[in-house]
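These notes are about the structure you will find just below.
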Amino acid sequence: MKIEALDAFYLRMPEVKDIGDGSQDVLVMRVQAGGFVGWGECEASPLTTIAALIAPLSHSACHPIRSSIVGQELPGPDEMEAFHRRVRERSSDLLQTDHALSGIDIALWDLIGKVHGAPVWSFFGAKNHAKTAYASQLFGDTPSATYEDARSVPPEFRAAKFGWGPFGRAELADDREQLAAAREGVGPNRTLLIDTGCVFGHDVSRAAERIALLEEFHVGWWEEPFAAGALAEYSQLSKQTKTKLAGGEGAHTADQARHLIDYGGVGFIQVDAGRIGGITAARQVANYARQKNVQFVNHTFTSNLALSASLQPYADHPSGYAEVPLAASDLAIAIGGMPWVLDPDGGVSAPGNLGLGVTPEPLAISPYLQEVEIRWNGKTLWNSLDNKL
Ligand SMILES: [Mg+2]
């Protein structure tokens, strides 16, 4: 069965704000083979990624990514690693390759699941264990706003994460008030997780000033203290604090995530399947983390399509955490429907339906569809109107 089509749909909210919410626009990929359709979503800059799909050959390591997909034989589940490797090799000098491949790889797994009549996770050990869902949100501008947000975390969530915002940008005393507000709001019995959003850059001593605070408020993990590639700084901090470090959403390849485990000393590795190269690359990281006694955690902040993709790579891990976005944007709801209901004990697991179990409805997403045309020497390389929803 040949892959007959690869289409990319650029979807965008009417207004995109300069805030850390990656669900305001999105690139959705669709692949088709033998009458089956698979869907995937990239956590990537949409127009840049479309360019990587179609930019004409510039040399042998810069093939347009689409040329490695359309017309190829649809791989089986055991052939996906080789397929993935070949696409990366043919476009290894295109920096957007892993982001573009993420959405394509996810769509291909969805398609493979539908062709084989099975959910994607069933190819990875036939187990689908629920994970403890954590509510993910930003710190409020003030401690009282953080407190109100923490109090409003739905009771079924056993864990909540606060991140970014003013934390780490002001004085130590201000950070203490933020942490105290978050802890008081979620209560003593739920897990409190903190995401400092790379705020300390490469400054280990400023980060280390917060060690006692995070320990005092029993923080379950300390996410992204430093810039994504600051392995030495991660390593130094990890040796000074009892709070386990977490990171990995900035990893664009499985190798980068493995290095954060081996050289950064993280206790939790969080990769985004929509950015790291899809389910294939995320599964490589999940397997490696398990060998190294590091907990794999999904990173996802957009739709249920992305959430389902993010849960597949470690569905067979017997326990752990899962990020579940608390306030989906209208666009995220249009792509993947309303937020999922958690298990009574606060768990979330990958859907049991075929493929990824989340299929975008053309009618729901078409209002967000952007019209794009890319021309070169008078020739149209890409016209979104050619991609019929
Ligand atoms: Mg984060």
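Put a plus charge on the Cβ of each Lys and Arg, a minus charge on the Cβ of each Asp and Glu, and nothing anywhere else: the dipole of the stretch 1-75 about its Cα centre is then about 260 debye. Cα-Cα over 28 Å: which of LYS114/LYS292; LYS127/LYS388; LYS161/LYS242? From LYS114/LYS292; LYS127/LYS388; LYS161/LYS242, over 28 Å: LYS114/LYS292; LYS127/LYS388. What is the stretch 247-389 by shape, rounded, prolate or oblate, if you read a ≥ b ≥ c off the alpha carbon gyration tensor as root eigenvalues and call it rounded for a/c under 1.5, prolate for a/b larger than b/c, and oblate otherwise? Here the stretch 247-389 falls in the oblate category. Considering only GLY168, LEU231, PRO154, and ranking their Cα positions along the charge dipole of the chain that arises from unit charges at the beta-carbon of Lys, Arg, Asp and Glu, the one farthest toward the positive end is LEU231. The 3J(HN,Hα) values that the Karplus relation (6.51, -1.76, 1.60; θ = phi - 60°) gives for the stretch 192-200 are, in residue order, 10, 10, 10, 10, 8, x, 6, 5, 8 Hz. Gly and Pro appear as x. Given R0 = 41 Å, the distance between the Cβ atoms of ASP386 and ALA212 translates into a calculated FRET efficiency of 0.10.
The packing ranking of peptides 210-217, 29-36, highest mean first, is 29-36, 210-217, where packing means the average number of other beta carbon atoms within 10 angstrom of each residue. What whole-number distance in Å separates the alpha-carbon centres of the stretch 320-365 and the stretch 281-301? Comparing the Cα centres of the stretch 320-365 and the stretch 281-301, I get a distance of 20 Å.
Using a simple spin-label model with pseudo-atoms 7 Å out from Cα toward Cβ, ILE19 and ALA180 lie 2.7 nm apart. Peptides 8-14, 154-160, 323-329 ranked from most to least packed by the mean count of surrounding Cβ atoms within 10 Å: 323-329, 8-14, 154-160.
Annotation for ILE333 and ARG151: the two label points, set 7 Å from Cα along the Cα-Cβ direction, are 2.5 nm apart. Between GLN72 and ILE3, the built amide H atoms are under 5 Å apart, and every one of these is 5 or more places off in sequence or on another chain. With the dipole of the chain worked out from charges on the C-beta (+1 for Lys and Arg, -1 for Asp and Glu) around the Cα centre, which of LEU179, PHE36, PRO351 lies farthest toward the positive end? The listed residue farthest towards the positive side: PHE36. Considering only beta bridges that DSSP places wholly inside the chain, some 45 percent are antiparallel. At full extension, ASN377 and LEU95 could sit 99.2 nm farther apart than now, given 0.36 nm per residue minus the alpha carbon distance. One Cα centroid belongs to the stretch 177-221, the other to the stretch 250-275; the line between them spans 21 Å.
Charges were assigned to the Cβ only: +1 to each Lys and Arg, -1 to each Asp and Glu. The resulting dipole of the chain about its Cα centre is roughly 880 debye.
Amide H of THR191 versus every other amide H placed in the peptide plane: which residues, excluding those fewer than 5 positions away on the same chain, fall under 5 Å? Distant-sequence amide H within range of THR191: ALA159, ALA160.
The slack in the chain from SER205 to ARG86, taken as 0.36 nm per residue of separation less the alpha-carbon distance, amounts to 38.5 nm. Here the stretch 117-209 is assigned +1 on the Cβ of each Lys and Arg and -1 on the Cβ of each Asp and Glu. Its dipole about the Cα centre then comes out at about 600 debye.
Every number here is computed from the coordinates shown, using simple stated rules; none is lab data. Quick caveat: nothing in here was measured; it's all calculated off a predicted structure. Every residue, glycine among them, receives a Cβ derived from its backbone with ideal geometry; neighbour counts consider all protein chains shown.
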